[in-house]
Amino acid sequence: MEAQGPGIGAAGAVGAMVLAIGQESFPGVLIETLRIVADVGHCMVFTFENQRSARCLLSTGNIAIGPDLGAAYSEHFHTADPNRDTIFRQRADTSHILLPNFARRMYPKGYRKLFFEDSEIVDKAATAIWVGDHCYYVNFYRTAAQGGFAPDQRQRIAAVAPIVGAIVARHCQHRAAAMDPADKFASLFAAGGPLAVLTAREKDVCRRILSGFTSEAIAGDLGIALNSVFTYRKRAYEKLGIASQNELFAIALRLMTTPRPLN
């Protein structure tokens, strides 16, 4: 679909995002809107609460290893992202934050290898918005098959970034508020406590165990080998000092029923 400028076409596309807030269709509507506006290839959304942790909320588009990149960023590489300093420096700003233009030299060698060379990302733009204690960090990517963003495409992204960031934040808040009991288990892994010792993949596996997935279903859902599921589960149980699924449920239920101290 041909990209359009920030006029009626782009406005209509952004309007479709508003209607999709809280719906399962939102990731698809998001990337289609971004393709209309500026031919964005892939979009990833992360959230920060503090400078020690990050979480991938959404990955959609044409990068096949997007979920793995999200897990790697959340687990370790967020500390090497130069945009993070800008995001926290402007935390008191109530408006959206438009991040600096992408330049590979801004990133450490290991970061460039994984996020740009292995994934064939050749260009990116990003925006962020703080809502209370949470920052929603929205990244727009172009791959080698597409080439870099043209100047007019960057202008279009800059024009819609404030509303896109706000809509993404609202969707993520809506989904969190409406989550079912199985999803509430997932929130425990971002809340600190004993589950914070797990890596991103170990959390992915444990969350699905709590949601009733079989080992085979976990492998299929995460796109990893069955033996990898067993390995992540074993490592997680060792770190938590448990030996069974029932003990994992006991930890989760205890955390859900223990009142959190007020700040």
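Derivation of every value follows stated rules applied to the coordinates shown; laboratory data play no part. Source: prediction; values computed, not measured. When we count neighbours, we look across all protein chains shown, and the Cβ atoms used for this are built from the backbone with ideal geometry, even at glycine.
Worth pointing out:
- Extension gain (nm, one decimal) between Ala16 and Arg52, 0.36 nm per residue minus Cα-Cα: 9.5 nm
- Mean-position separation - Cα centroids, the range 34-101 and the range 118-132, in angstrom: 5 Å
- Theoretical FRET efficiency, 1/(1+(r/R0)^6), r = Cβ-Cβ of Asp221 and Asp85, R0 22 Å, to 0.05: 0.05
- Reachable aspartates and glutamates, given that their alpha-carbon falls under 14 Å from the alpha-carbon of Lys109 and they are not under 8 places away in the same chain: Asp81, Glu117, Asp118
- The distance from the alpha carbon centre of the range 192-257 to that of the range 19-33 is 29 Å, rounded to a whole number.
- The length gained by stretching the chain between Met106 and Phe249 to full extension, at 0.36 nm per residue less their Cα-Cα distance, is 47.2 nm.
- Placing dummy labels 7 Å off each Cα toward the beta-carbon, the span from Val197 to Asp133 is 2.3 nm.
- Site pair Gln23 and Ala159 shows an inter-label distance of 2.5 nm when each label is modelled 7 Å from Cα along Cα→Cβ.
- A simple spin-label model places pseudo-atoms 7 Å from Cα toward Cβ; at Phe230 and Asn62 they are separated by 3.9 nm.
- The listed peptides 231-241, 58-68, ordered by packing as a protection proxy, come out as 58-68, 231-241 (highest mean of other Cβ atoms within 10 Å first).
- Packing order of peptides 71-78, 219-226, highest average first: 71-78, 219-226 (average count of other Cβ atoms within 10 Å over each peptide's residues).
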